[in-house]
Amino acid sequence: MRITLEEATSLIRARLSPLAPVLLPLFDALGCITAESVKAQMDQPPFPRSPYDGYALRATDSGGASRENPISLLVIGQSFAGKPAEQTVGKGEAVRIMTGGVIPEGADCVIPQELTDEGEQTVKIYKALKPFENYCRQGEDFQKDTEIVPCGITVTAAVAGVAASAGCTELWVFPKPRVAVLSTGDELQILGLPLEKGQIYSSNSPYLAGRLDELHLPISQITHVQDEISELVSAFRTANEVSDIIICTGGVSAGQKDLVPDALKRLGAEMIFHGVEMKPGMPAALAILNGKPVVALSGNPFACAVTFDLLARPALAVLASNPLIEARRFKATLSDGFPKARNVRRYVHGLLSEGTVSVAGEQGSGQLRTMIGSNCLAELPKGNEPLPVGTFVNVYMLEGSIYGG
Ligand code: AMP
Ligand code: MG
């Protein structure tokens, strides 16, 4: 029995669960969702430091200094980044300091070298300073025990940088699902080999590999399988072992060679749904095999593309605990009319720009080429009437897409 897309996505959310959190090295955690908040183990910066190249001194010693009436201080040492001074700055003294250097004991400000004669034994300073002027306090960025990274956010470059500055080497995150891509069909020939009569090259495998790459999700394997029940059974078994989710294409419809549902049944998989009220992509199915999802999509390249974005992405989002993996939805107006042919909700590739979506011409289920230059899917409502210019429709963004989304 067919269900609506909304029912299908509700079932995906109800029946799938996020992968268990793992502790990953910081670099491997990039793009994952944090499963725990992170508290700073230390102040950052861990010491008071200089924001300039100059001299560290006591503000009281600079009182009244100007270019006309410089004050001379004795330079007693130097503090470079990573090479702190040992001396304590006393009355009438200064320490040569560089950006990032520890402000030495006794000093409470830094004069930039441009406001001095840059002397080495003694230095003339040309300006009076206030206490803590040009002084980065210890813990200025964050203090020990502050929550620096909340739970449930993406490990972005900024998160990685902040965590690293706090000395954090590993993060508890929801891992990204490892995806097995399985294309089924006797007609599929391996790319690079000549086509026999009746054969085609699989465009679904590189398409799905490309989309997964654009979404920064790891691929555990890409396999072609013949329409043979025993081969399908063994391919599903292997893919199930090496991945967290299988996305397969082809063989899921009602034809004599559509053996994917049978193969899954033989393995004891639970079929959650089979058939969604949408065009293209109607035969799509979701099964659970040994606790892991199998998203089975029609082999039609256009159907495969549409259902990847509308059904596989929500499943990937649940596993990764990352709603951002789902396609973002907006409202837009159609820039051209569309001749509606079927009494079923339809999805077409389009180009969204400033609230208007223009829909590419020919979009039959096997026609992949119209996807080039698109950045979204437009949802054309159920009905037999043609859609006039300016009709409000939902659009789903193909983020991260090489098509410009
Ligand atoms: P199926 O879903 O197996 O009934 O296939 C539907 C249509 O998509 C048929 O015309 C297939 O030849 C085609 N097709 C199936 N798998 C692929 C694939 N991986 N790449 C390109 N076309 C495919
Ligand atoms: Mg087939």
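The values are calculated or read from the model by the stated rules, or taken from the named source; none is laboratory data. Because the structure is a prediction, the values reported are computed rather than measured. Ideal geometry is used to build each Cβ from the backbone, glycine not excepted, and the neighbour counts take in all protein chains shown. Just so you know, the surface numbers come from the protein's heavy atoms only, side chains and all, with ligands and any DNA or RNA stripped out. Shrake-Rupley method; radii C 1.70, N 1.55, O 1.52, S 1.80 Å.
Just for segment 286-309: of the residues that are open to solvent by 40 Å² or more (accessible area, probe 1.4 Å) and in contact (Cβ under 8 Å) with a residue 12 or more places away in the chain, which one is farthest from ligand 1 (Cβ to nearest atom)?
The extreme case among them is ASN290.
Kindly indicate whether any position in segment 59-78 is in the same structural domain as GLU114 (by TED's automatic domain parsing) and within 12 Å of GLY100 (Cα to Cα).
Scanning segment 59-78 turns up no residue that is in the same structural domain as GLU114 (by TED's automatic domain parsing) and within 12 Å of GLY100 (Cα to Cα).
Restricting to segment 1-52, give me the number of residues that are closer than 30 Å to ILE111 by Cβ and part of a helix (DSSP H, G or I).
So the answer is 0.
Return a yes/no flag: does segment 5-13 have any residue that is without any contact (Cβ under 8 Å) to a residue 60 or more places away in the chain and surrounded by fewer than 15 Cβ atoms within 10 Å (Cβ to Cβ).
Yes, there is a match, as at least one residue in segment 5-13 is without any contact (Cβ under 8 Å) to a residue 60 or more places away in the chain and surrounded by fewer than 15 Cβ atoms within 10 Å (Cβ to Cβ).
With closer than 11 Å to TYR55 by Cβ and among the charged types (D, E, K, R) as the only criterion, which of ASP117, ASP108, ASP141 stands out?
None of the other options fit; the residue is ASP117.
Got a number for residues in segment 227-258 being within 14 Å of ligand 2 (Cβ to nearest atom), over 34 Å from the mean Cα position of the chain (by Cα) and free of Cβ contacts under 8 Å to residues at least 60 places away in the same chain?
8
Only one of (1) of a type in the set (Gly, Ala, Ser); (2) within 16 Å of ligand 2 (Cβ to nearest atom); (3) touching a Pro at 6+ places or on another chain (Cβ under 8 Å) fails for GLY139. Which number is that?
So GLY139 meets the others, but not (2).
Right, ALA317: more than 16 Å from ligand 2 (Cβ to nearest atom), without any contact (Cβ under 8 Å) to a residue 40 or more places away in the chain and not in a strand (DSSP E or B) or not?
Considered against the rule, which asks whether it is more than 16 Å from ligand 2 (Cβ to nearest atom), without any contact (Cβ under 8 Å) to a residue 40 or more places away in the chain and not in a strand (DSSP E or B), ALA317 comes out as yes.
When segment 44-102 is examined, which residues are found to be charged (D, E, K, R) and out of contact with any Cys (no Cβ under 8 Å at 6 or more places or on another chain)?
Passing the criteria: ASP53, ASP61, ARG67, GLU68, LYS83, GLU86, LYS91, GLU93, ARG96.
So, in segment 64-89, exactly how many residues are under 18 Å from THR122 (Cβ atoms) and either part of a strand (DSSP E or B) or touching a strand residue (DSSP E or B) at 6+ places or on another chain (Cβ under 8 Å) (or both)?
Residues meeting the conditions: 15.
I need the full set of residues from segment 258-285 which are outside any loop (DSSP other than H, G, I, E, B) and more than 16 Å from ligand 1 (Cβ to nearest atom), in order please.
The answer is LYS265, ARG266, GLU270, MET271, ILE272, PHE273.
The conditions are (1) under 20 Å from ALA254 (Cα atoms); (2) within 16 Å of ligand 1 (Cβ to nearest atom), and ALA312 fails exactly one of them. Which is it?
It fails just one condition, (1).
Restricting attention to segment 101-113, and to residues there that are open to solvent by 20 Å² or more (accessible area, probe 1.4 Å) and in a loop (DSSP other than H, G, I, E, B), which single residue is farthest from GLN44 (Cα to Cα)?
GLY106
THR154: closer than 30 Å to LEU30 by Cβ and modelled with pLDDT of 95 or more, yes or no?
So THR154 fits the description; yes.
I'm checking my understanding of the structure. Among residues of segment 201-257 that are of a type in the set (Ser, Thr, Tyr), more than 16 Å from ligand 1 (Cβ to nearest atom) and within 28 Å of PHE27 (Cα to Cα), which one is surrounded by the fewest Cβ atoms within 10 Å (Cβ to Cβ)?
If we take residues in segment 201-257 being of a type in the set (Ser, Thr, Tyr), more than 16 Å from ligand 1 (Cβ to nearest atom) and within 28 Å of PHE27 (Cα to Cα), then SER220 is surrounded by the fewest Cβ atoms within 10 Å (Cβ to Cβ).
Would segment 169-189 turn up any residue that is open to solvent by 10 Å² or more (accessible area, probe 1.4 Å), of a type in the set (D, E, K, R) and within 16 Å of ligand 2 (Cβ to nearest atom)?
yes
Residues to consider are LEU212, LEU193; find the one that is closer than 29 Å to THR34 by Cβ and in the same structural domain as ALA285 (by TED's automatic domain parsing).
LEU212
Run SER321 past the list (1) open to solvent by 50 Å² or more (accessible area, probe 1.4 Å); (2) farther than 24 Å from THR184 by Cβ; (3) under 26 Å from the mean Cα position of the chain (by Cα) and report the number of the one that doesn't hold.
SER321 satisfies all of (1) open to solvent by 50 Å² or more (accessible area, probe 1.4 Å); (2) farther than 24 Å from THR184 by Cβ; (3) under 26 Å from the mean Cα position of the chain (by Cα) except (1).
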